[in-house]
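Each remark here refers to the structure printed beneath this line.
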């Protein structure tokens with residue numbers, strides 16, 4: 001663990017295809033954090049490495065909600081990469097933050113230390129009985145998945161959502177994509193009362209992880225999963241398929257599959273980040289003929305009208321509850337790679353070149 005000083009070491013993307021660990025200026029804030037570990041979000045981070053992230057090509061107009069070519073885009077180097085950090089509090093100059101010695105989750109990127117202002121940025125105190133490696137999910141990734149369930153509930157009940165289970169309890173749930181988002185979402189759905197949860201992924205290692213977590217897994221390439229599940233899940237004459245599908249794989253072919261799995265007038269809750277051109281999507285097929293809905297569940301917004309009850313803190317608390325219940329299985333089957341921060345550039349290069357497969361990689365910082 002490195003105590004923050006005049007500078008920190010950070011994993012950055014210097015230019016397209018080039019990542020490095022180098023010194024970056026220390027930040028300013030009353031609470032000093034020393035990083036213990038930081039989780040890699042491969043999809044988002046590889047999009048910066050490969051140059052595919054939309055922010056690299058257009059500026060986001062937050063007022064209009066548009067990416068615009070006439071606004072400045074993000075430039076290289078990208079020095080704030082990652083959002084799954086676990087750290088120890090080593091100092092609190094203002095006396096208003098977590099006590100020194102506390103283990104916390106935050107979202108400041110892959111760096112050895114950070115000075116944070118708890119009034120401006122989120123910091124979540126972790127319970128002492130939670131493995132710090134599992135803490136990488138608490139501040140951001142877990143809330144992303146919990147927010148997916150929240151959107152499924154809002155699809156049925158509008159703003160009157162009482163629990164995360166309101167959208168999945170007693171229902172048949174399909175999850176497309178067996179990466180971190182899909183597996184955590186599947187665990188949330190099972191924990192909150194789904195009648196069945198089936199994870200679909202073409203990668204054997206991800207299906208094995210789903211099975212290890214106690215979820216059913218299917219290979220969508222083995223036989224048509226829409227025919228299989230719609231034969232199995234019958235609600236009535238001409239009414240077959242999943243009650244809700246969580247789309248968690250960043251390919252439009254996966255969204256096309258998600259639409260095919262749904263019962264008529266069902267909803268895909270979409271948690272994916274897409275970088276392809278969308279040619280696999282056929283909106284004139286099941287989407288049109290079955291009257292389907294696609295609902296984007298991005299962590300920047302909870303469903304309209306629920307923010308007074310369902311804020312990020314509550315979603316983090318739900319994540320902690322899930323990890324305390326299922327953490328041993330998550331540690332065994334999801335966190336596949338633990339390596340030093342200094343090996344981060346090589347890891348990203350291998351992932352981009354498809355020479356290595358991980359479910360969750362975690363970078364550690366030595367004490």
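The values are calculated or read from the model by the stated rules, or taken from the named source; none is laboratory data. Bear in mind the structure is a predicted one, so any value in this text is a computation, not a measurement. We place every Cβ from the backbone using ideal geometry, glycine too, and count neighbours over all the protein chains shown.
For the reader, a short list of remarks on this structure follows.
- Residue selected from the stretch 265-275 under the condition surrounded by 13 or more Cβ atoms within 10 Å (Cβ to Cβ) and out of contact with any strand residue (DSSP E or B) (no Cβ under 6 Å at 6 or more places or on another chain), by the criterion farthest from residue 295 (Cα to Cα): 275
- Qualifying residue in the stretch 171-185 (condition: out of contact with any strand residue (DSSP E or B) (no Cβ under 9 Å at 6 or more places or on another chain), in contact (Cβ under 8 Å) with a residue 12 or more places away in the chain, outside the structural domain of residue 42 (by TED's automatic domain parsing) and closer than 14 Å to residue 330 by Cβ): yes
- Single match in 362, 294, 358, 338 (criterion: assigned to a loop (DSSP other than H, G, I, E, B), modelled with pLDDT of 95 or more and under 19 Å from the mean Cα position of the chain (by Cα)): 358
- Any hit, the stretch 96-112, residues being over 20 Å from the mean Cα position of the chain (by Cα), in contact (Cβ under 8 Å) with a residue 40 or more places away in the chain, more than 29 Å from residue 337 (Cβ to Cβ) and not assigned by TED's automatic domain parsing to the domain that holds residue 240: yes
- Residue 279, sole failed condition from (1) within 20 Å of the chain's Cα centre (by Cα); (2) surrounded by fewer than 16 Cβ atoms within 10 Å (Cβ to Cβ): (1)
- When residue 53 is tested against (1) more than 30 Å from residue 127 (Cβ to Cβ); (2) touching a residue at least 24 places away in the same chain (Cβ under 8 Å); (3) surrounded by fewer than 22 Cβ atoms within 10 Å (Cβ to Cβ); (4) in contact with a strand residue (DSSP E or B) (Cβ under 6 Å, 6 or more places away or on another chain), exactly one condition is not met: (4).
- Selection count, the stretch 302-320, where residues are surrounded by fewer than 16 Cβ atoms within 10 Å (Cβ to Cβ), closer than 22 Å to residue 123 by Cα and in contact (Cβ under 8 Å) with a residue 12 or more places away in the chain: 2
- When residues in the stretch 85-122 are screened for being surrounded by fewer than 18 Cβ atoms within 10 Å (Cβ to Cβ) and on the phi > 0 side of the Ramachandran plot, 2 of them pass.
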